[in-house]
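Heads up: the structure comes next, in structure tokens.
Just so it is clear, none of the values below were taken in a lab; they were calculated from the coordinates. Model, not experiment: these values are computed from the prediction. Cβ atoms come from the backbone with ideal geometry, glycine included; neighbour counts cover every protein chain shown.
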Amino acid sequence: MPSPSGEGEEERSAHATTERRSVDGRGTAAETQMTLHAVCARQSVYALKRLLKQHALFSGKRPLLSSPNSPPNHPVVMIPTTLTRQSDPDMDDPEPLLPATHPSIVLPHPFICAASHLVLGFQWIRDSDQSESARKCQPASPLLRVVRAVFGAQEASRVVDELPKWELYDDFLLFQCNAFQGPHFSRLLEGPRRGEFFGAVAAVFKVSHVARKGLIEREQVSRPPNLEPLHGEFRSKVASLEDGTARSFTDVFWTSTRFPIDHAVIHYVWAPSETMYSRGNSPEKRRIAALNNVAGAVVVDMCCGIGFFAFGYLVAGAAKVVACEISPWAVEGLRRGAVLNGVTYEVLDPDRSDLRSCQPGWLDSNTSARLVIFPGPNERALPVYRHRATHVNLGLLPSSVQFLPQAVQALRPDQDGWLHIHGELAVAGGPAGRLQGADRWANQLIDQVVRLGRQSAKLVKIHWIKSVGPAKVHLVVELQVGPQQLSQ
């Protein structure tokens, strides 16, 4: 089955072989050995696997299994653990679903607490049952199964080396930009069965929409996606304007995903044809959600998008997050995400006259929402957040430096604050050159912050997020900033 994380990980198949030897004359080892499986809904597989790995409980030598009795619209998956035992001949076959408190299940308490919202129960499964599944000889990749079903086994064998990676979201499958560009796939998909193929892909992945990534205009502030639809209607043609943009939020396809963090999940919502979702910043999303100096504070997110980091700050305990965003599509995704995450929100009218001359206590006295959304340039929201924040997030790529003056003004003047500054750094010279370039950029940022009126600034850490091209990386410079200079 495909990985619900959107990692593009191919379905694990039951190809593990089991040694067949006699055990006390009562059968083979495979027939008497049992493995404990954690049972969950398909959308929880990634989060539960991650927890199992963190607690050294995931058995990577065994396949993930699909429950044959689960309804088609709500598939259930069984994840193998490292716990094994000998089977009881008097036990029911198949064994029942058990709670974590069952005497046969000995799992560490921290894992049980962390997984309580993900796991449906636990089940002991005989290894021989898994071996029987292996002998069915289905291709491991669901995509390969589609190729075989549509074009035949011979063609399937030819495209094995061209199988692309994918990202699986709620009702939406997204392939990499180079997917299906190899010679064999190109030949197959030039013919009349292209539509049939992608329709079958949608069916096997249980989604309504399939697309391929395009190249992003990185210099464009709004960062619109360049999506190539492969199956499903992403934007209503009837309701589109002359330039191809949709007239309203109801004219486009919306999707969502569940992002796992410790003890919780964050919901993100977006319209793939209008805005983008980035899986590459996952380490930074988890870091923000785990910050221990955010509780009770006000945070300003200068370029929040659909809430990549805004929701993480709220999970970390922020009292309020002021989220600025210029794209109406991202603002709508942020609003829908707030609903799914159970976060109180308010979308401010940027033309309100009282916003132009806000007093210092305006944010506390005029809205009780934890997420305050400003649908416009962050500099226009300055009266709302000036001198209110403890943390400021500057998340625009390829650079957020242009927003540094507003970020410094956002910080409380009488105490330390933190800036989280994203950027793309192009450096040569391998790892050593990368470190030198990052340190040089961090020092430049420190100098700028001091020139903008703070007493001090020091580097907390450089966080490496992902590679974005040859000799180019996405990184975050975290600065701790001292109080405002007395002369200010």
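Quick notes on this one:
- R0 of 35 Å, Cβ-Cβ distance VAL339-ASP161: FRET efficiency to nearest 0.05: 0.20
- For the residue pairs LYS213/LYS461; LYS61/LYS213; LYS165/LYS206; LYS53/LYS472; LYS49/LYS165; LYS213/LYS472, the C-alpha atoms sit more than 23 angstrom apart in LYS213/LYS461; LYS61/LYS213; LYS53/LYS472.
- Our estimate of slack between LYS458 and GLN154, defined as 0.36 nm per intervening residue step minus the Cα-Cα distance, is 103.3 nm.
- You can think of it this way: the chain between GLN436 and GLN480 has 13.8 nm of extra reach, that is 0.36 nm per residue less the Cα-Cα gap.
- Residues PHE151, PHE403, arranged from fewest to most other Cβ atoms within 10 angstrom of their Cβ, appear as PHE151, PHE403.
- Working from the Cα coordinates of region 142-232, the gyration tensor eigenvalues give, after taking √(5λ), semi-axes of 25, 15, 11 Å in decreasing order.
- Panel order for HIS55, HIS209, HIS102, by other beta carbons found within 10 Å of each beta carbon, from fewest to most: HIS102, HIS55, HIS209.
- Multiplying the residue separation of ALA319 and ARG193 by 0.36 nm and subtracting their alpha-carbon distance yields 39.9 nm.
- For the pair LYS466 and ASP351, a Förster radius of 30 Å applied to the C-beta separation gives a FRET efficiency near 0.20, rounded to the nearest 0.05.
- Cβ-based charge dipole, region 142-232, positive-most Cα from VAL159, PRO229, GLN176: VAL159
- Cβ crowding within 10 Å ranks CYS177, CYS303, CYS40, CYS324 as CYS177, CYS40, CYS303, CYS324, fewest other Cβ atoms first.
- The spacing between region 382-398 and region 409-458, judged by their C-alpha centroids, is 15 Å.
- Efficiency of FRET from Cβ geometry, GLN181 and ASP364, R₀ 45 Å, rounded to 0.05: 0.25
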